[in-house]
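Below you'll find the structure, written out as structure tokens, and then a few comments.
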Amino acid sequence: MKGFHGIIFAYGASKDLGDLVRERTSASLVFCGRFRLIDLALSSLRNAGVHNCGVIMKRDYQSLLDHISNGKPWDMARRDGGLRMLPPFGLPGYHRGDYTGTMEALNAVSSYVHDIKEDNIILLLGSACVNIDLDAVIKCHLERNADVTAICTDRELAGTHHRYVVGEDGFAKALRFDRTGGEGVCALEGYIIKKDVLLEMMDECREKEQFRFHRDCLRNYLENGGRINTYIHTGYASIIRTVEDYYIANMDMLLKKNIYEIFPADRPVRTKHMEGVSSYYGEDSKATNSLVADNCIIEGEIENCIISSGARIGKGAKLKNCIIMQDCVVESGCELNYVIADKHVCFEAGAKNIGSPSHPNIIPKNAIVKADK
């Protein structure tokens, strides 16, 4: 799509994600056993024909770099343009050690934004679990001749979020901050903004030493007479900010309706290609309502589980409602329920670990879980 350039915010990781983001950003969290959350934003751009994109990072981004590489899976490995990884603090003197908000992150890469050749910029969260039809959003943006278009959802999001009260013409009548419900529709924190308008917003926020996109930038824009168009996304949507958000979004993919909305045939989600053989299921194994990636060995029982590549589930092991990441080993006789096991975790024979739906137990990367004596 000519005239449009993508920017993905992958610098943040909510502290409420705990050990899951100890060594990674939330955008690089494993999703559905095979993907990373950022794959959804990258694929949304790719499916709309947007091949030029910058990814804003801050810290703990080695996992993100390893996954995205040169952007080839999303057709963004190009000599001119393509995918650009934007490391932190490109504007000395403006930052305070961490990005306080989205406007500070944008101003930290202001030279990149100024050099963008396209007239419109698409801003997306790398931690949003949503497959957006950006062709439809772009069409709405152009038909209404909007300077700013906010991507919203007709569903209720968990936790606090911003809400737009929308008029009959599709433009916002009001913007409500940090709500848990009430009037209006939830913002997915994705936007299309004309480049010159965004640069004016960035300049104003820098001069006033304001850092937040919604409370500072968009509030100023509306108070000065600006108008915000809205597009309502009707498929599955979630923004991952807590362990519970992450767990629920993964478990939701065990329902056909949800997985078809995140992975529709006409808007495929692309990811880094991983070579692997088909998974092996032992003679006494049992798999019920689970998603299992390639290159796994399943000899025990799994129910309502999501299993990533390279995992080994031993004989007699019983797993329910679990997320098991890459190369984990669950030895014989283990019992796991409501557990999120990060990469390379080993549960020794007979180990037992039980969480709850609202508080699944997180086992950190490389941990060894021993059986009780």
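For a quick check of your reading of the model, give me the residue pairs whose first member lies in the stretch 181-203 and is farther than 14 Å from residue 114 by Cβ, whose second is part of a helix (DSSP H, G or I) and open to solvent by less than 50 Å² (accessible area, probe 1.4 Å), with beta-carbon atoms closer than 6 Å and at least 6 apart or on different chains.
Partner pairs satisfying both residue conditions: 192/141.
Report whether or not residue 352 is among the basic types (Lys, Arg), within 23 Å of the chain's Cα centre (by Cα) and open to solvent by 70 Å² or more (accessible area, probe 1.4 Å).
Judged against the criteria, residue 352 is not a match.
Pick from 289, 361, 366: which is free of Cβ contacts under 8 Å to residues at least 40 places away in the same chain, closer than 30 Å to residue 74 by Cβ and surrounded by fewer than 18 Cβ atoms within 10 Å (Cβ to Cβ)?
Residue meeting the stated conditions: 366.
Scanning the stretch 290-330 for residues that are acidic (Asp, Glu) and part of a loop (DSSP other than H, G, I, E, B), which turns out nearest to residue 273 (Cα to Cα)?
294
Restricting attention to the stretch 319-348, which residues are surrounded by fewer than 18 Cβ atoms within 10 Å (Cβ to Cβ) and basic (Lys, Arg)?
320
Go through (1) among the β-branched types (Val, Ile, Thr); (2) outside any loop (DSSP other than H, G, I, E, B); (3) surrounded by fewer than 19 Cβ atoms within 10 Å (Cβ to Cβ) and name the single condition residue 277 misses.
(2)
In the set 54, 33, which member is crowded, with 17+ Cβ neighbours inside 10 Å and farther than 18 Å from residue 190 by Cα?
The conditions single out 33.
Just give me the residues in the stretch 124-164 being open to solvent by 20 Å² or more (accessible area, probe 1.4 Å) and either in a strand (DSSP E or B) or free of Cβ contacts under 8 Å to residues at least 40 places away in the same chain (or both), in sequence order.
Matches in the stretch 124-164: 125, 139, 142, 143, 145, 156, 160, 162.
Of all residues in the stretch 173-222, how many are among the β-branched types (Val, Ile, Thr) and open to solvent by 50 Å² or more (accessible area, probe 1.4 Å)?
Total meeting the criteria: 1.
Listed residues 153, 160; which is within 30 Å of residue 33 (Cβ to Cβ) and modelled with pLDDT under 95?
160
Hand me the list of helices (runs of 4 or more DSSP H) wholly inside the stretch 165-256 holding 2 or more residues that are closer than 23 Å to residue 44 by Cβ.
In the stretch 165-256, 195-208, 243-252 are the helices (runs of 4 or more DSSP H) which contain 2 or more residues that are closer than 23 Å to residue 44 by Cβ.
The values are calculated or read from the model by the stated rules, or taken from the named source; none is laboratory data. Treat the numbers as computed from the prediction; the structure is a model and nothing was measured. Counting neighbours? That spans all protein chains shown, and the Cβs are built from the backbone with ideal geometry, glycine included. In case anyone asks, the SASA skips ligands and DNA or RNA and just uses the protein heavy atoms, side chains included. Shrake-Rupley method; radii C 1.70, N 1.55, O 1.52, S 1.80 Å.
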